[in-house]
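Visitor: Got a structure for you, written out below as structure tokens; questions coming shortly.
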Amino acid sequence: MTTLTTQVAIIGGGPSGLLLSQLLNKAGIETVILERSTRDHVLARIRAGILEWGTVELLREAGVGARMEAEGIPHDGCYLTDEELMVHIDFKELTGKQVMVYGQTEVTTDLYNAQDTIGTTVLHEVSDVDIRDLDQAKSYVEFTHEGTRKRLECLYVAGCDGFHGVSRKTIPEEKRREFERVYPFGWLGILSETPPVNDELIYSNSRHGFALASMRNENLVRYYVQVPLTDKVEDWSDQRFWDEFSRRIPSEAASRLVTGPSIEKSIAPLRSFVSEPLRWGNLFLVGDSAHIVPPTGAKGLNLAASDVYYLYTALIDAVKGKTTGIDEYSARALARIWKAMRFSWQMTTMLHRFDGEDAFAEQMRKATLNHLATSETARRDLAENYIGLPF
Ligand code: FAS
Ligand code: PHB
């Protein structure tokens, strides 16, 4: 069997794995990334669009900030609306900070290019990954690649393989504590090469259902509508999407709406999920392998970034024999994860109507938005969570 050796084996070549590898490599630590899909497949996935400022600063620290600075769009605020109110949350005025509009696809592209420059080993189309000897001084990962079984010996393993990966399941089920809330609807998202309907994002809770008007740049929009879990993408023609989207956003915005053909269309389910602990011997869970948030709070990718921040700094010390960071990683990352989990759940329950809900639930939503409209303190709390709590 072919045997490779590295310091940190990274399972998964999405944003978590690539960013962790880039930061460790810049600190002189060797990594190998094992990715199940092809590079093109990873880059074709349309996911997040909003970067917290902490994520922006971490990408700069990783040396991949140049194109983000040139092509990203800093946003000072966003709008939350229902049938009666349109509330502006002014991040800049309330917190002194902004968020960056820069798609996950671009982040992943920049990280792949930076890893190419360093010459990091990224093996694609690996399968049957098996993580072993996590309770030993050295661990190893066995996997199949290009038709042969291979072994990667390492000091540590980073489980960056997302919700459906193998890392979380490597932790014995009886040792895992899992928390979940599955929402009874999904988000149908489209990409369209048209100008944004508004200069900042609009989160709209209309009587017809939720809609989100987001963007990637001045001529590429990312729009979403809430759909039943039973819907399939093929149920939604472009025309049906545009009709539904335009009646769910405020009429003054709808009057400006420029429609066009979708260049991507997909439905994502919504769930809140956390698996504890994030560590099992030499294995550390990062990003979606450990937690999932509904996209309403724009936290998924950003939580992956804060996990990476905590772990990369800890691993730099660990390879020098100082283990305090890795011993504290799980508790430290989970403290921030749960606050983002709460915010994402709160934004989702505030902005979506649930089938069968009673009139009281609707009154609670209205009162929440009304409180945001009339209380700077409430708006500041939302803004602090949206731009991202400190790492
Ligand atoms: P990822 O899932 O991105 O990457 C994991 C990688 O591991 C993948 O490349 C996968 O191929 C690989 N892998 C899996 N199993 C493996 C195995 N056994 N061996 C080797 N490799 C394996 N977040 C937002 O903030 N806003 C959004 O609007 C938003 N929309 C989303 C829409 C969808 C459909 C999904 C699924 C997620 C969305 N997210 C959104 C969240 C998303 O951006 C994640 O938070 C982000 O991709 C997390 O990155 P990773 O932790 O790297 O996980
Ligand atoms: C996106 O642009 O894809 C996006 C933006 C904000 C969200 C979710 C998704 O809350």
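The values are calculated or read from the model by the stated rules, or taken from the named source; none is laboratory data. What you see is a predicted model, and the numbers here were worked out from it, not measured in a lab. Counting neighbours? That spans all protein chains shown, and the Cβs are built from the backbone with ideal geometry, glycine included. These area figures cover heavy atoms from the full protein model, side chains too; ligands, DNA and RNA do not enter into them. Shrake-Rupley method; radii C 1.70, N 1.55, O 1.52, S 1.80 Å.
Visitor: Under a plain spin-label model, where a point goes 7 Å from the Cα along Cα-to-Cβ, how far apart in nm are Asp199 and Asn217?
Guide: With each label point 7 Å from Cα toward Cβ, the separation is 2.0 nm.
Visitor: Let me ask something additional. Please calculate how many Å² of accessible area the chain carries per residue, with a 1.4 Å probe and no DNA, RNA or ligand atoms counted. Could you put the intermediate results ahead of the total?
Guide: Working: 16470 Å² over 391 residues.
Accessible area per residue, the chain: 42 Å².
Visitor: Among Leu212, Val227, Phe241, whose Cα projects farthest towards the positive end of the dipole of the stretch 201-242, with charges put on the beta-carbon of Lys, Arg (+1) and Asp, Glu (-1)?
Guide: After comparing all options, I get Leu212.
Visitor: Taking θ as phi - 60°, what are the ³J(HN,Hα) couplings along the stretch 205-213 by the Karplus curve (6.51, -1.76, 1.60), each to the nearest whole Hz, with x for Gly and Pro?
Guide: 9, 9, 5, 8, x, 6, 9, 10, 9
Visitor: Follow-up. Order the peptides 374-386, 148-160, 288-300 from the highest to the lowest mean number of other Cβ atoms within 10 Å of their residues.
Guide: Per-residue mean Cβ counts within 10 Å order the peptides as 288-300, 148-160, 374-386.
Visitor: Of Ile190, Ala318, Leu111, which is farthest on the positive side of the dipole of the chain, counting Cα position, with +1 on Lys and Arg Cβ, -1 on Asp and Glu Cβ, and the Cα centre as origin?
Guide: The residue sitting most towards the positive pole is Ala318.
Visitor: If you don't mind, another one. With a cap of 16 neighbouring Cβ atoms within 10 Å, and only residues DSSP puts in a loop, list the trypsin sites (Lys or Arg not before Pro) found in the stretch 1-85. Numbers along the way, then the final one.
Guide: Details: sites: Lys26, Arg36, Arg39, Arg45, Arg47, Arg60, Arg67; in loops: Arg36, Arg45, Arg47.
Sites meeting the loop and neighbour criteria: Arg45.
Visitor: Continuing with this model, one more query. May I ask you to list, by number, the DSSP H helices of the chain whose Cα span along the axis is at least 20 Å and whose average Kyte-Doolittle hydropathy reaches 0.5 or more?
Guide: What comes out of the filter, once short or polar helices are dropped, is 300-318.
Visitor: Let me ask something else. For Cα pairs less than 8 Å apart in space and 6+ apart in sequence, what is the mean separation divided by the residue count of the stretch 312-391, i.e. the relative contact order in percent?
Guide: Numbers: 27 pairs, mean separation 16.2, N = 80.
Relative CO of the stretch 312-391 lands at 20 percent.
Visitor: What net charge do the residues around Asn282 carry, taking every other residue with its C-beta under 9 Å from that of Asn282, with Lys and Arg at +1 and Asp and Glu at -1? Walk me through the numbers before you get to the answer.
Guide: Working: positive: Lys138, Arg279; negative: Asp133, Asp135.
Local charge sum for Asn282: 0.
Visitor: Could you tell me what percent of the DSSP beta bridges with both partners in the chain are antiparallel, to the nearest 5? Intermediate values should be presented prior to the final figure.
Guide: Values: 57 of 79 bridges.
Close to 70 percent.
Visitor: Hey, can you rank 340-351, 318-329 by average C-beta count inside 10 Å, highest first? Present the calculation step by step, with values, prior to reporting the outcome.
Guide: Details: 340-351: 20.3, 318-329: 14.4.
Per-residue Cβ counts within 10 Å, averaged per peptide and sorted highest first, yield 340-351, 318-329.
Visitor: Rounded, prolate or oblate: which fits the stretch 110-204 when a ≥ b ≥ c are the square roots of the eigenvalues of the alpha-carbon gyration tensor, with rounded for a/c under 1.5 and prolate only if a/b beats b/c?
Guide: Values: a/c = 2.69, a/b = 1.54, b/c = 1.75.
In terms of gyration-tensor shape, oblate.
Visitor: Want the number for Ala367 to Asp381: 0.36 nm per residue separation, take away the alpha-carbon distance, what's left? Show your work: numbers first, answer last.
Guide: On the way: separation 14, 0.36 × 14 = 5.04 nm, distance 1.59 nm.
Extra length from Ala367 to Asp381 when fully extended: 3.4 nm.
Visitor: Find the lysine pairs in the chain meeting two conditions, Cα atoms under 24 Å apart and a separation of 8 or more places or different chains, and report how many there are.
Guide: Total qualifying Lys-Lys pairs in the chain comes to 20.
Visitor: If amide hydrogens are placed 1.01 Å from N in the peptide plane, which non-local residues have theirs closer than 5 Å to the one on Thr5?
Guide: Long-range HN contacts for Thr5: Glu153.
Visitor: State to the nearest 20 debye the size of the charge dipole of the chain about its Cα centre, where the only charges are +1 on K and R beta carbons and -1 on D and E beta carbons. All intermediate terms of the calculation are to be shown ahead of the outcome.
Guide: Values: 43 positive and 55 negative charges, 138 e Å.
Charge dipole of the chain: 660 debye, to the nearest 20.
Visitor: Ignoring ligands, DNA and RNA, please state the percent of accessible area on the stretch 124-165 from carbon and sulfur, probe 1.4 Å.
Guide: Working: 810 of 2040 Å².
After summing per-atom areas, the C and S share lands at 40 percent.
Visitor: Could you tally the net charge around Arg379, taking each other residue with its Cβ under 15 Å from the Cβ of Arg379, Lys/Arg +1 and Asp/Glu -1? Don't skip to the answer; put the middle values down first.
Guide: Values: positive: Lys92, Lys97, Arg380; negative: Asp76, Asp90, Glu93, Glu200, Glu376, Asp381, Glu384.
Taking every other residue near Arg379 into account, the sum is -4.
Visitor: Please give me the summed charge of the neighbours of Gly325: other residues whose Cβ is under 12 Å from its Cβ, Lys and Arg +1, Asp and Glu -1.
Guide: On the way: positive: Arg279, Lys320, Lys322, Arg332; negative: Asp317, Asp327, Glu328.
Taking every other residue near Gly325 into account, the sum is +1.
Visitor: Next up: Expressed as a rounded percentage, what relative contact order does the chain have, with Cα pairs under 8 Å and six or more residues apart?
Guide: Details: 797 pairs, mean separation 80.4, N = 391.
With pairs under 8 Å counted, the relative contact order is 21 percent.
Visitor: Next question. Could you check the spin-label model distance between Ser266 and Asp128? Points 7 Å from the Cα along Cα→Cβ, value in nm.
Guide: It is 2.8 nm.
Visitor: Measure off, as a whole percent, the carbon and sulfur share of the 1.4 Å-probe accessible area of the stretch 1-86, all protein chains present. Display every interim value, and only then the final one.
Guide: Working: 1600 of 3350 Å².
So the carbon and sulfur contribution to the accessible surface is 48 percent.
Visitor: Treating the beta-carbon of each Lys and Arg as +1 and of each Asp and Glu as -1, no other charges, what is the dipole magnitude of the stretch 97-171 about its Cα centre, to the nearest 20 debye?
Guide: Values: 8 positive and 12 negative charges, 51 e Å.
Dipole of the stretch 97-171, to the nearest 20 debye: 240 debye.
Visitor: Quick one: if you stick a label point 7 Å off each Cα along the C-beta vector at His208 and Asp243, how many nm between them?
Guide: Reported label-point gap for His208 and Asp243 is 0.9 nm.
Visitor: Collect residues whose amide H, placed 1.01 Å from N in the peptide plane, falls under 5 Å from the amide H of Leu389; neighbours closer than 5 in sequence don't count.
Guide: Here nothing satisfies the definition.
Visitor: Can you tell me the FRET efficiency between Glu83 and Arg60 if r is taken as the Cβ-Cβ distance and R0 is 45 Å, rounded to the nearest 0.05? Intermediate results must be reported in sequence, preceding the final value.
Guide: Working: r = 41 Å, r/R0 = 0.92.
So the FRET efficiency works out to roughly 0.65.
Visitor: Place +1 on the Cβ of every Lys and Arg and -1 on the Cβ of every Asp and Glu in the stretch 31-119, take the dipole about the Cα centre, and give the residue among Gly49, Val64, Thr95 whose Cα lies farthest towards its positive end.
Guide: Comparing the listed Cα positions along the dipole, Val64 ranks first.
Visitor: What FRET efficiency would be calculated for the residue pair Val182, Thr3, taking the C-beta separation as r and a Förster radius of 41 Å, to the nearest 0.05?
Guide: Working: r = 42 Å, r/R0 = 1.02.
The formula returns an efficiency of 0.50 here.
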